[in-house]
Amino acid sequence: MAIPLAIRVQAVSTQLAYWLPRPVRRVLAGPPIRRDGQELALDAQLLLRMQKLAGAELVRGSVAQSRSLLELGRHLVSGRPIEPVAAREVRIPTGDGDLPATLYTPAGLPEPSGLLVFYHGGGWVVGNRTTHDNAARYLAQHAGVRVLSVEYRLAPEHPFPAAAEDAVAAFEYAHAKAGDLGADPDRIAVGGDSAGGNLAAVTAQQTVAKGGPAPAFQLLIYPATDFTKRYRSRDLFADGFFLTDAHMNWFEGHYVPRGTDLTDPRLSPLHAEDLSGLPPAYVVTAGFDPLRDEGEAYARKMRDAGVSVAVSRQPDLIHGFLNFTGVGSRFTEAVAELAGALRLGLSG
């Protein structure tokens, strides 16, 4: 997709804003925002201000328009492609046709290595491998693992449970074909952000329940875990912090068919009856995120079931920070931390 001139200009303007002296950036961003005992990072507040000035939103208009805008918007925040990381196309066979995927391999990584099966975010409706290309590259390079980024089916064309079924199929393929992917079958993690974090949690549950091969580690990045309850963080951060309450309603309306049992653990993994036996997990949340509290509730429930869980709240950040490593430094600090957790989780 060609990058329109307006997007290129906005990208340059965004980059220049982060090179300004801190006092100037503070003036541009506005007075510090404090809520729930937390103060929003200047990098995050400046990004929100720049997005508002540009009229950028996570969801706008139709599904097709929202998908296109997200693909274009990545040029504002993701930065230049991280190199040297090789990328090759992979086809994952399923009962409903092949799923496209991209295998990222950092230069010089020996075989076999750890592997992350990665599910992108986007509310099960928008987003794809392209929108998360640099996120996958960053995790591959900084965690020292291969990353298999999966193009699961999206709603509304393919509503629940299609994405969950694809997520499980992708992990099972990765395990069965580990040798072809250059991976150690005993060191395969599942992970993703937001909707992708939901799919990673679902995949871990489903594979453990089936008694077959299961992930060695879970990387759950501000995951959605519960469709049945409105958590306090959803009201605290309902508007103005990138992901909004209205966006969440829009995503749910497209992904979840009317009459679906919202306690189905393939949709709301928090409602699984038994979480014992799940692989170790690293759960990261953002302080100014409507999804914050349900992600942390899922971490507590896993811990109560005897699962080894590390929880890291980034109290000054917003939803989506995995994709914002091209601007400022605070987002990169947080993503570096979760890459380190992945490296440790697959260290063997």
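In this Cβ point-charge picture (+1 for Lys and Arg, -1 for Asp and Glu), the stretch 127-209 has a dipole of about 180 debye about its Cα centre.
Angle check, please: helix 133-143 long axis (alpha carbons) against the longest principal axis of the chain (alpha carbons), in degrees 0 to 90, nearest 10. That works out to roughly 70 degrees.
Loop-located trypsin sites (Lys or Arg not before Pro) across the stretch 132-226 with a Cβ neighbour count of 15 or fewer within 10 Å are Lys177, with loop assigned by DSSP.
Beta-bridge orientation, the chain: approximately 35 percent antiparallel, per DSSP, counting only bridges with both partners inside. Shown here for the stretch 266-339: trypsin sites (Lys or Arg not before Pro) in loop regions (DSSP other than H, G, I, E, B) with at most 15 other Cβ atoms within 10 Å, of which there are none.
Helix 5-19 axis versus longest C-alpha principal axis of the chain: approximately 80°, rounded to the nearest ten. Shown in residue order for the stretch 162-172 are the 3J(HN,Hα) couplings computed by the Karplus curve 6.51 cos²θ - 1.76 cosθ + 1.60 at θ = phi - 60°: 4, 4, 5, 5, 5, 4, 5, 4, 5, 5, 4 Hz (x for Gly and Pro). Once the 1.4 Å probe is applied to the protein heavy atoms, the chain comes out at 40 Å² accessible per residue.
Just the protein heavy atoms count here, and of the accessible area of the stretch 214-348 at 1.4 Å, carbon and sulfur take up 49 percent. Placing dummy labels 7 Å off each Cα toward the beta-carbon, the span from Arg49 to Ala176 is 5.3 nm. Distance between the C-alpha centres of the stretch 61-130 and the stretch 227-306: 23 Å, rounded to the whole angstrom. Extension gain, Asp36-Ser68: 0.36 nm per intervening residue step, less the Cα-Cα distance, totals 8.1 nm. Just the protein heavy atoms count here, and of the accessible area of the stretch 1-128 at 1.4 Å, carbon and sulfur take up 59 percent.
By the equivalent-ellipsoid construction on the alpha carbon gyration tensor, the stretch 68-162 comes out with semi-axes of 23, 18, 9 Å, ordered largest to smallest. Looking at the stretch 244-348, the GluC sites (Glu not before Pro) that sit in a DSSP loop and have at most 10 other Cβ atoms within 10 Å of their own Cβ are Glu273. Separation of the stretch 17-49 and the stretch 179-200, taken as the distance between their Cα centroids, equals 34 angstrom.
The values are calculated or read from the model by the stated rules, or taken from the named source; none is laboratory data. Please read all numbers here as calculations on a predicted model, not as lab measurements. With ideal geometry, Cβ positions are generated from the backbone for all residues, glycine too; neighbour counts draw on all protein chains shown. The protein model used for the area step is the full one, side chains on, heavy atoms only, and it has no ligands, DNA or RNA in it. Shrake-Rupley method; radii C 1.70, N 1.55, O 1.52, S 1.80 Å.
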